[in-house]
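Participant: Dropping a structure here in structure tokens format, bear with me for questions.
The values are calculated or read from the model by the stated rules, or taken from the named source; none is laboratory data. None of the values given here were measured: they were computed from a predicted structure. With ideal geometry, Cβ positions are generated from the backbone for all residues, glycine too; neighbour counts draw on all protein chains shown. Ligands, DNA and RNA are stripped out before the accessible areas are found, and what is left, the full protein with its side chains, is counted by its heavy atoms. Shrake-Rupley method; radii C 1.70, N 1.55, O 1.52, S 1.80 Å.
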Amino acid sequence: MQDLGIKVLFMGSNFERLLDGLWVTIHISILSVLLSILLGILLGIVMTSKNIVVKAVTRVYLEFVRIMPQLVLLFIVYFGVTKTFGLHLNGETSALIVFTIWGTAEMGDLVRSAIISIPKHQRESGLAIGLNSSQIYRYIIIPQTLIRLIPPAINLTTRMIKTTSLIVLIGVVEVLKVGQQIIEANRYTVPNATLWIYGTIFFLYFFTCWPISLLAKFLEKKWKVN
Amino acid sequence: MDFEFILKHIPMYTEAAILTIKLGVMGILLSIIVGILCVLIQYYKVPIIRRIVSVYIELSRNTPLLVQLFFLYFGLPKMGIKISSEACAVIGLTFLGGSYMAESFRSGLESVDKIQTESALSLGLTKAKAMRYVILPQALSTSIPAICANVIFLIKETSVFSAVALADLMFVAKDLIGLYYKTDEALLMLVISYLIILLPASIFASYLERRLRYAGFGN
């Protein structure tokens, strides 16, 4: 029986359908990551402010978003917000909103810690050798912040892709849902399709996230010397 | 907001929360054990098994828990391996958590200077004693913040257990929304339940992080 199952992958356009499903996940992750990076940089800069109100508000936002499971946040937006405000948000939009809110919090924290980790003397030395303030940013602050920021930001991308698998639970048709459809359609002809389909999805995720993780690890090692 | 409804359904949430905590604690404890085993295998460079461990760590870190659970719960029975929902949840959480714990322990062990091992050995301690009295205490103190972060991460991950037919908090909330259309109440209680579980854990973690005396010898 075991050798029968794998053929389900190559029947019709099943494998392409799985890849299309995976693309839905990746597409949502990429959009959320891009939005999160933009908003997160702003948030990170805002969070270095010394204003007590700003500090408190950003802190509460950060802690709440980080402490709640992402699935709870998805439920709040998908079921709660839609009902309370009478909006009609589909699963994809809810997911995009939630992952952007969550990613912004994570990214903001990364940006904040990258900014405060740059020693004060870097800026002062820049001034001392006669650079003006935009040159200090251009040649001293931004390059050092980026080096500290890029590896964890890449790691955030893989976390985002992995977390996006949750959207099947709010009814988005992505790779797991497509897998279920294929399994249902072949229930009688290929009874052990489940094993092969879910195994394939497992490795699809793996081969999506693994190269990104390796890149993050490589950059981390490469830039550690500085 | 219908408070009578909320009061009436508190027991349902308590029960679900207890299930979440029970499975979570079991998964986390097993993760720590798996993590320690993996890191010791890598530390002592046990041949062959070491390769298997690194493949395991990469596989588990780069796939989502939900997909791992689907494979365990729906896929494996087709190979003749039937696992109950609870066991599946604990195995899945351990599979995921083991690698995260291993990575945290590894960074702890790597932070202990080589000179510490060499000094311990030259003092006449056996390899095991050097590990037990010199290396581990220092390594643990460095890896505790990361381990705490992993514990919180794993508790959060338990929220996908409803996908393998377990009546956890998400399941109860979804059930109440579906049955009574009391969306706000169900979601509010869901958020409060998770806050009750996770907030103390998070506060304790940051307390521990502040109170810890980091080992900084020999550097």
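Participant: Could you work out the mean count of beta carbons from other protein chains within 10 Å of each residue's beta carbon in A:190-202? Intermediate values should be presented prior to the final figure.
Facilitator: Details: counts 0, 1, 5, 2, 9, 8, 2, 4, 11, 5, 1, 7, 9.
Average per residue, whole number: 5.
Participant: At a 1.4 Å probe, which residues in the range B:158-182 are at least 50 Å² less accessible with all protein chains present than in their chain isolated?
Facilitator: B:MET170, B:LYS174
Participant: Next question. Using θ = phi - 60° and the Karplus relation 6.51 cos²θ - 1.76 cosθ + 1.60, list the HN-Hα couplings for the range B:26-34 in order, rounded to whole Hz, with x at every Gly or Pro.
Facilitator: Computed from phi, the couplings for the range B:26-34 are 4, x, 5, 4, 4, 4, 5, 4, 4 Hz.
Participant: May I pose another question? Could you give the angle, 0 to 90 degrees to the nearest 10, between helix A:175-185's Cα long axis and the longest principal axis of the Cα atoms of chain A?
Facilitator: Here the helix axis deviates by roughly 0 degrees.
Participant: Counting Lys and Arg as +1 and Asp and Glu as -1, each charge on the Cβ, what is the dipole of the protein assembly as shown about the Cα centre in debye, to the nearest 20? Intermediate values should be presented prior to the final figure.
Facilitator: Working: 39 positive and 26 negative charges, 296 e Å.
The calculation lands at about 1420 debye.
Participant: Then there's this: On the accessible surface of the range B:79-138, probed at 1.4 Å, how many percent belong to carbon and sulfur atoms? Write down the numbers at each step before the final one.
Facilitator: Details: 1910 of 3120 Å².
Carbon and sulfur together cover 61 percent of it.
Participant: Next question. Taking the Cα atoms of the range A:1-80, report the difference between the largest and smallest coordinate on each principal axis, in whole Å and largest first.
Facilitator: 65, 24, 23
Participant: Summing both sides, how much accessible area is buried between A and B? Use a 1.4 Å probe and give Å² to the nearest 100. Please list the in-between numbers first.
Facilitator: On the way: alone 13330 and 12860 Å², together 22730 Å².
For chain A against chain B, roughly 3500 Å² becomes buried.
Participant: Provide the per-residue ³J(HN,Hα) series for the range B:12-21, in order, calculated from phi with Karplus coefficients 6.51, -1.76, 1.60 and θ = phi - 60°, each as a whole number of Hz, with x at glycine and proline positions.
Facilitator: Per residue, the Karplus-derived 3J(HN,Hα) values read 4, 5, 4, 4, 5, 5, 4, 4, 4, 5 Hz.
Participant: If you roll a 1.4 Å probe over the heavy atoms of the protein chains, what accessible area per residue do you get for the protein assembly as shown, in Å²? Intermediate values should be presented prior to the final figure.
Facilitator: Working: 22730 Å² over 445 residues.
I get 51 Å² per residue for this part.
Participant: Shifting gears a bit: Tally up the carbon and sulfur contribution to the accessible surface of the range A:2-223 as a whole percent, 1.4 Å probe, everything protein left in place.
Facilitator: Numbers: 7600 of 11050 Å².
Using a 1.4 Å probe with all protein chains present, the range A:2-223 comes out at 69 percent carbon and sulfur.
Participant: Counting each pair of different Cα atoms once, what's the Kirkwood radius of chain B in Å, rounded to one decimal? Write out the running numbers ahead of the final one.
Facilitator: Working: mean 1/r = 0.0512 Å⁻¹.
When all Cα pairs of chain B are included, the Kirkwood radius is 19.5 Å.
Participant: Among the chymotrypsin sites (Phe, Trp or Tyr not before Pro) within the range B:180-209, which fall in a DSSP loop and have no more than 16 other Cβ atoms within 10 Å of their own Cβ?
Facilitator: Numbers: sites: B:TYR180, B:TYR181, B:TYR194, B:PHE204, B:TYR207; in loops: B:TYR181.
Of the chymotrypsin sites (Phe, Trp or Tyr not before Pro), the ones in loops of the range B:180-209 whose Cβ has at most 16 other Cβ atoms within 10 Å are B:TYR181.
Participant: Going toward the positive end of the dipole of chain B, with +1 on Lys and Arg Cβ and -1 on Asp and Glu Cβ, which of B:CYS148, B:GLN116, B:VAL39 do you reach last?
Facilitator: Towards the positive end, the residue furthest out is B:GLN116.
Participant: So which residues in the range A:54-75 end up with at least 40 square angstrom less accessible surface once the other protein chains are there, compared with the chain by itself, probe 1.4 angstrom?
Facilitator: A:ILE67, A:MET68, A:PRO69, A:LEU71, A:VAL72, A:PHE75
Participant: Where Rh denotes the Kirkwood radius from the mean inverse Cα pair distance, what is Rg over Rh for the range A:2-223? Walk me through the numbers before you get to the answer.
Facilitator: Numbers: Rg = 21.9 Å, Rh = 20.0 Å.
When Rh is taken as the Kirkwood radius, the ratio is 1.10.
Participant: Right, next: Size of the dipole of chain B about the Cα centre, Lys and Arg at +1 and Asp and Glu at -1 on the beta carbon, nothing else charged, in debye to 20?
Facilitator: Computed charge dipole of chain B: roughly 980 debye.
Participant: While we're on this one: If you line up the long axis of helix B:169-180 against the longest principal axis of chain B, both from Cα atoms, how many degrees apart are they, to the nearest 10?
Facilitator: Tilt of helix B:169-180: around 10 degrees.
Participant: Still on this model: What is the packing order of peptides A:161-167, B:50-56, A:92-98, B:137-143, taking the mean over residues of other C-beta atoms within 10 Å and listing the highest first? Show your work: numbers first, answer last.
Facilitator: On the way: A:161-167: 25.3, B:50-56: 14.3, A:92-98: 21.9, B:137-143: 18.7.
Ranked from most to least packed, the peptides come out as A:161-167, A:92-98, B:137-143, B:50-56.
Participant: Still on this model: Can you give the calculated 222 nm mean residue ellipticity of chain B, where each DSSP H run of n ≥ 4 adds -39,500 (n - 2.57) and the sum is split over every residue, rounded to the nearest 500 deg cm²/dmol?
Facilitator: Numbers: 8 runs with 159 residues, N = 219.
It comes out at -25000 deg cm²/dmol, rounded to the nearest 500.
Participant: What value, in deg cm²/dmol to 500, does the helix sum -39500 (n - 2.57) over DSSP H runs of n ≥ 4 give at 222 nm once divided by the residues of chain A? Walk me through the intermediate numbers first.
Facilitator: Working: 11 runs with 167 residues, N = 226.
Taking each H run of at least 4 residues, the total per residue is -24000 deg cm²/dmol.
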